[in-house]
Amino acid sequence: MSNLKRFDKTLTLILLIILIGAVVTTVYIIVFPQQNGKYTEFYILGPDGKAGNYPDNLSVGESGKVIIGIVNHEAADANYQLVVKFNNLTLKNETVSLKDKEKKEIPFTFVTSTSGKNQEMEFLLYKLPNDIDVYRSLRLNVDVS
């Protein structure tokens, strides 16, 4: 029987160590949460402020409206260069400065002038001071009749 008692004590000690380790790990995770990395949200919304109903089927001369969203999660203030191109023609070129966790939604209206299928509108975001490498990009294909 002494072997059984020794086994019970050893098993109890092992379980107690595991339990203490789990509690210490849980407390550590709560007190020092892991940083998820630095990033910037970049998105476009339709004219009603929702992810949908994009102006992707227009007539020549008709205007389209979108909302361009930028949210800074870089853990510091950041400056961005926003460039919008349609068929390689620059329609917008604007510097946007955001504090950490600040969000900016920019209404953007454009007018189509050339008919064609799958014309590409590019939304390019550069994180300054680097104005060479695109940091984030979005595309919207527009059919113009």
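Computed from the coordinates by the stated procedures, all read-outs in this text should not be read as laboratory data. Just so it is clear, the model here is predicted, and its values are computed rather than measured. As a convention, Cβ positions derive from the backbone with ideal geometry for all residues, glycine included, and neighbour counts pool all protein chains shown.
For this structure, a couple of remarks:
- Peptides 38-45, 20-27, 130-137, 78-85 ordered by average Cβ neighbours within 10 Å, highest first: 78-85, 38-45, 130-137, 20-27
- Under a Gaussian network description of the chain, with springs only between Cα atoms under 10 Å, the residue in Val60, Val31, Val96 that fluctuates furthest is Val31.
- From the C-alpha gyration tensor of the chain, square roots of 5λ in Å: 56, 19, 12
- Nearest 10 degrees, 0 to 90: helix 2-31 Cα axis against the chain principal axis: 30 degrees
- Fluctuation leader among Leu98, Leu124, Leu16 - the chain, Gaussian network, Cα springs under 10 angstrom: Leu16
- Note on the chain: with a GNM built from Cα contacts shorter than 10 Å, the maximum mean-square fluctuation among Phe86, Phe110, Phe32 falls on Phe32.
- Beyond 22 Å in Cα-Cα separation lie the following of the pairs Lys50/Lys99; Lys101/Lys127; Lys85/Lys117; Lys65/Lys92; Lys38/Lys92; Lys92/Lys127: Lys50/Lys99; Lys38/Lys92.
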